[in-house]
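Scroll down for the structure; my scribbles are underneath it.
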Amino acid sequence: MRKILFTAVCLIGLIGFQDVQAQETQLSSQPNFPKLDTSPLDMILHRNQKDEVLMRVIYSRPQMRDREIFGKLVPYGEVWRTGANEATEITFYKDMSIGGETVKAGTYTLYTIPNEKHWTIILNKSIHTWGAYEYTDEQDYVRIKVPVRNASHNIENFSMAIEQKEDEAGANLLMGWADKYVKIPFSPAG
């Protein structure tokens with residue numbers, strides 16, 4: 001009787017062990033997806049009245065997290081990748097006028113040089129770069145200056161949006177973080 005009881009307990013234990021192994025095998029064969037990036041990638045599109053895409057911006061959105069942003073985390077007077085991780089890229093699908101400068105259709109890196117009263121906006125021909133470490137002004141295509149504006153509230157994540165101009169075909173690319181933002185005017189060239 002003891003042998004039968006011992007054998008039954010061993011069989012039940014063996015069956016339970018095999019079931020645990022099968023579950024572990026199933027779990028290990030599942031994809032291992034990474035956690036959400038702390039500065040997630042985002043994209044904005046601008047379309048005209050005919051629903052044609054005129055512009056696309058791909059950028060990462062760092063968070064404030066109780067940090068002092070402009071003048072500290074993002075130093076004044078230095079080239080900034082305009083976001084986090086990979087440098088921000090802007091693609092124009094038609095020739096555009098940006099602050100009075102004509103820009104040919106194509107993809108450019110969007111760098112900025114923040115200052116207290118104005119930002120220098122830079123469209124650079126070098127693309128697919130990480131940060132601003134490879135930046136060189138020899139690749140600059142266009143540089144314009146835009147005034148800094150005070151936001152009515154803190155913007156936790158670095159953000160971009162398009163503001164359509166009511167009386168024109170153009171629009172403004174808005175970029176804001178913390179308590180500051182800038183407007184970059186653009187319109188179809190021609």
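The values are calculated or read from the model by the stated rules, or taken from the named source; none is laboratory data. Bear in mind the structure is a predicted one, so any value in this text is a computation, not a measurement. Counting neighbours? That spans all protein chains shown, and the Cβs are built from the backbone with ideal geometry, glycine included. The area values use the complete protein model at the heavy-atom level, side chains included, leaving out ligands, DNA and RNA. Shrake-Rupley method; radii C 1.70, N 1.55, O 1.52, S 1.80 Å.
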Using Cα positions and a limit of under 16 Å, work out the aspartates and glutamates in reach of residue 94, with same-chain residues fewer than 8 apart set aside. 51, 52
Could you tell me what a quarter of the Cα convex hull surface of region 97-190 works out to, in nm² with one decimal place? 6.9
Restricting to aspartates and glutamates and to Cα separations under 19 Å from residue 125, and discarding same-chain partners fewer than 8 apart, the set is 78, 86, 89, 95, 101, 134, 137, 138, 140
Accessible-area value, residue 36, 1.4 Å probe, nucleic acids and ligands omitted, Å²: 150
Can you pull the one-decimal nm distance between simple spin-label points at residue 30 and residue 149, each 7 Å off the Cα toward Cβ? 4.6
For region 82-123, which whole percent of the accessible surface, found with a 1.4 angstrom probe, sits on carbon and sulfur atoms? 43
Order by accessible surface, 1.4 Å probe, largest leading, for residues 94, 145 comes to 145, 94
Residue 70 accessible area, nearest 10 Å², 1.4 Å probe? 20
So for region 136-190, using the alpha carbon gyration tensor with a ≥ b ≥ c as root eigenvalues (a/c under 1.5 gives rounded; past that, a/b versus b/c decides prolate or oblate), I'd call it oblate
Mind checking which of 153, 177, 131 is farthest towards the positive end of region 131-188's charge dipole, using Cβ charges of +1 (Lys, Arg) and -1 (Asp, Glu) about the Cα centre? 153
